[in-house]
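Please treat every number below as a calculation from the coordinates, not as lab data. Computed from a predicted model, the values in this text were never measured in an experiment. For neighbour counting, all protein chains shown are included, and Cβ atoms are generated from backbone atoms with ideal geometry for every residue, glycine included.
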Amino acid sequence: MELKLDPATTALVVIDLQKSVVARETWPRPASEVVAESARLAARFRTAGAFVVLVNVAFSPDDRDRLKAIAEEPAPRGPFPPELSELAPELDRQPSDLLITKRQWGAFYGTDLELQLRRRGITTIVLTGISTNFGVESTARDAWERGFSLVFVENGTAALSPSAHEFAYATVFPRIGLVRQADELSIED
């Protein structure tokens, strides 16, 4: 079912499509397909005059700003080469795009993402990216708690396992937003 979006109040938020992430094996589609779909959506949003936000994750050279909680499966530690935070070139970053650099899964905590969205009158966020159950879901939960309407682009996301992707789309996303395929989105006045 087609969903009409107002470019004046809608932002596309693209999560973690950077070298270190898109190099990984993903499900239910390869990262290259997620990047391509996100790039197509970004171009459509820009043409319509809608706001595009590109999110990456990066850490300081001393790695002291990375979360290091005690966990059964802790994140890797040690220096994170800066080039791994570079966005996939296919996204064709434009001067009108906002770059948000985060230091944890979600794009809201510790960044000015909410401030920048609110200043522009954004009420609806369309989400794409990798990984469905980490960066995308964490950002979505934070956005929902802040009162934003959410649209999840299923064919613009992927996870590191089939079950992680399926769980988010079967259990979490339908409870906090709308799930659509990219070709079901219409962004124009």
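Using only the C-alpha atoms, the convex hull of the stretch 3-187 corresponds to 115 Å³ per residue. Listed by chain and number, the lysines whose C-alpha is less than 28 Å from the C-alpha of Lys102, apart from same-chain residues fewer than 8 away, are Lys19, Lys68. As a calculated quantity, the FRET efficiency between Ala43 and Ala71 at R0 = 30 Å, using C-beta atoms, amounts to about 0.20. Counting only DSSP beta bridges with both residues in the stretch 3-187, the antiparallel share comes to about 5 percent. The mean sequence separation of alpha-carbon pairs under 8 Å and at least six residues apart, normalised by the residue count of the chain, gives a relative contact order of 33 percent. Within the shell of other residues whose beta carbon sits under 14 angstrom from the beta carbon of Ala159, the net charge comes to -4, with Lys and Arg scored +1 and Asp and Glu -1. In this structure the amide hydrogen of Ala88, modeled in the peptide plane, comes within under 5 Å of the amide hydrogens of Gln18, Lys19, none closer than 5 places in sequence on its chain.
The Tyr109 and Val179 beta-carbon pair, evaluated with R₀ = 30 Å, returns a calculated FRET efficiency of approximately 0.80. Sum up the charges of everything whose Cβ sits under 13 Å from the Cβ of Ile100, counting Lys and Arg as +1 and Asp and Glu as -1, but leave Ile100 out. Computed value for this residue: -2.
Annotation for Leu3 and Asn155: the two label points, set 7 Å from Cα along the Cα-Cβ direction, are 1.5 nm apart.
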